[in-house]
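First the structure, in the form of structure tokens, and then the observations on it.
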There are 2 protein chains.
Amino acid sequence: MKTPSKVYFIRHGIAENRADHVPDEKRQLTKEGIQKTRKVANRLHHLNIHFDLILTSPLLRAMQTADILQTAGLGHQIKESTSLVPNGDINNWLNWYQQWRQNGGHCLALVGHQPDQGNWAEILVWGEAKEGLLLKKAGVIGLVIPETGDPVGNSSLFWLTSPKLLL
Amino acid sequence: MKTPSKVYFIRHGIAENRADHVPDEKRQLTKEGIQKTRKVANRLHHLNIHFDLILTSPLLRAMQTADILQTAGLGHQIKESTSLVPNGDINNWLNWYQQWRQNGGHCLALVGHQPDQGNWAEILVWGEAKEGLLLKKAGVIGLVIPETGDPVGNSSLFWLTSPKLLL
């Protein structure tokens with residue numbers, strides 16, 4: 001039996017604070033952010049999770065998070081997507097995703113930002129976003145996507161965890 | 001600062017199959033069910049979770065699960081509630097819950113059955129149930145309940161995990 005398609009939302013780790021001299025897209029993970037994200041990544045690897053693709057927001061703190069996932073052995077390939085920037089367009093991503101699945105893609109990591117990631121997960125499961133999911137930095141949301149038809153409103157949530165509850 | 005009220009839904013562990021000679025309410029946890037539920041309970045204890053009350057469905061497999069939670073040090077008090085039987089009435093429970101909170105109750109475990117537990121969690125967070133939450137046996141759902149006002153449609157999901165992803 002074919003295992004169902006899965007999408008994992010992984011929020012970027014703890015990043016340096018906003019400051020006038022650092023543009024938002026250049027904010028880096030802190031030391032603590034790197035350490036905690038590494039621990040989460042190693043835990044996911046220990047759980048035998050493997051991503052066909054790590055799709056990431058191009059903002060530095062997300063890219064660094066994606067790198068940590070790759071280094072932990074969770075996936076070979078990283079790709080940037082402007083759909084995953086803060087306030088990104090879920091419909092753009094959905095178009096890409098349906099194509100990617102048709103080409104054989106199966107297990108996908110999305111590295112990005114809040115509240116978008118929680119909102120997208122809600123849209124996929126319930127059809128609309130009500131900000132009911134609490135996703136901490138370096139936290140994980142796991143969805144099962146139906147094999148056929150529209151993922152919107154038809155997906156299921158099988159996992160939501162903070163680093164604290166995972167480690 | 002007062003920490004917010006929390007409700008944890010904990011589904012009963014793996015139980016013996018339905019059989020003609022055993023009424024549904026007398027089905028027991030299997031050996032594997034007991035072992036896995038104990039591991040989950042110990043993990044919750046390790047995470048410093050403590051319930052002011054373990055409210056359980058009176059069906060045997062739920063009562064046995066509640067006993068395991070108590071034995072692991074997760075809470076001193078167990079109480080049966082007919083609201084938590086399969087197809088139980090969430091409004092009955094809500095009336096009880098508001099009273100319990102007024103009397104100082106803060107962190108509550110609900111031990112029961114699917115699909116009710118996932119449905120109730122969805123009603124508390126999103127106002128309606130669409131069976132979008134996958135809750136395995138001995139799995140856990142964690143909700144934050146707002147301090148004031150109606151919990152229905154105003155709570156937040158901070159945790160959903162299967163035993164496999166927790167252990």
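Among DSSP beta bridges lying fully in the protein assembly as shown, give the percent that are antiparallel, nearest 5.
Details: 27 of 55 bridges.
Roughly 50 percent of the DSSP beta bridges within the protein assembly as shown come out antiparallel.
Couplings 3J(HN,Hα) of segment B:89-94, computed from phi: 9, 5, 5, 4, 5, 4 Hz, in residue order, whole Hz [Karplus 6.51 cos²θ - 1.76 cosθ + 1.60, θ = phi - 60°; x for Gly and Pro]. Using only side-chain charges placed at the Cβ, +1 for Lys and Arg and -1 for Asp and Glu, the dipole size of segment A:5-166 relative to its Cα centre rounds to 720 debye. With a 10 Å cut-off between alpha carbons and a GNM built on chain B, which of B:LEU110, B:LEU53, B:LEU133 moves the most? Ranking B:LEU110, B:LEU53, B:LEU133 by mean-square fluctuation puts B:LEU133 first. Pairs of Cα atoms nearer than 8 Å and 6+ residues apart set the relative contact order; for chain A it is 29 percent. Karplus-derived 3J(HN,Hα) values for segment B:124-139, using 6.51 cos²θ - 1.76 cosθ + 1.60 with θ = phi - 60°, are 5, 8, 10, x, 8, 9, 10, 6, x, 9, 9, 10, 7, 4, 6, x Hz; glycine and proline are entered as x. Put simply, the Cα atoms of segment A:38-167 extend 34, 32, 27 Å along their principal axes, the longest span coming first.
Can you tell me the dipole magnitude for segment A:84-167 around its Cα centre, using point charges on the Cβ only (Lys, Arg +1; Asp, Glu -1), in Debye to the nearest 20?
On the way: 5 positive and 7 negative charges, 76 e Å.
Around 360 debye, computed over segment A:84-167.
With charges set only on the Cβ (+1 for Lys and Arg, -1 for Asp and Glu), what does the dipole of the protein assembly as shown come to about its Cα centre, in debye to the nearest 20? Walk me through the numbers on the way to the answer.
Details: 36 positive and 30 negative charges, 272 e Å.
It comes to approximately 1300 debye.
Phi angles of segment B:154-167 translate, via the Karplus equation with coefficients 6.51, -1.76, 1.60 and θ = phi - 60°, into HN-Hα couplings of 10, 8, 10, 8, 10, 7, 8, 8, 8, x, 4, 7, 9, 8 Hz per residue; Gly and Pro are given as x.
What's the extension gain from B:LYS130 to B:ASN91 if we count 0.36 nm per residue and subtract their Cα-Cα distance?
12.3 nm
Where a number appears in this text, it was derived from the coordinates with a stated rule and is not lab data. Since we're looking at a predicted model, the values are computed, not measured. All Cβ positions, even for glycine, are placed from backbone atoms using ideal geometry, and neighbour counts span all protein chains on display.
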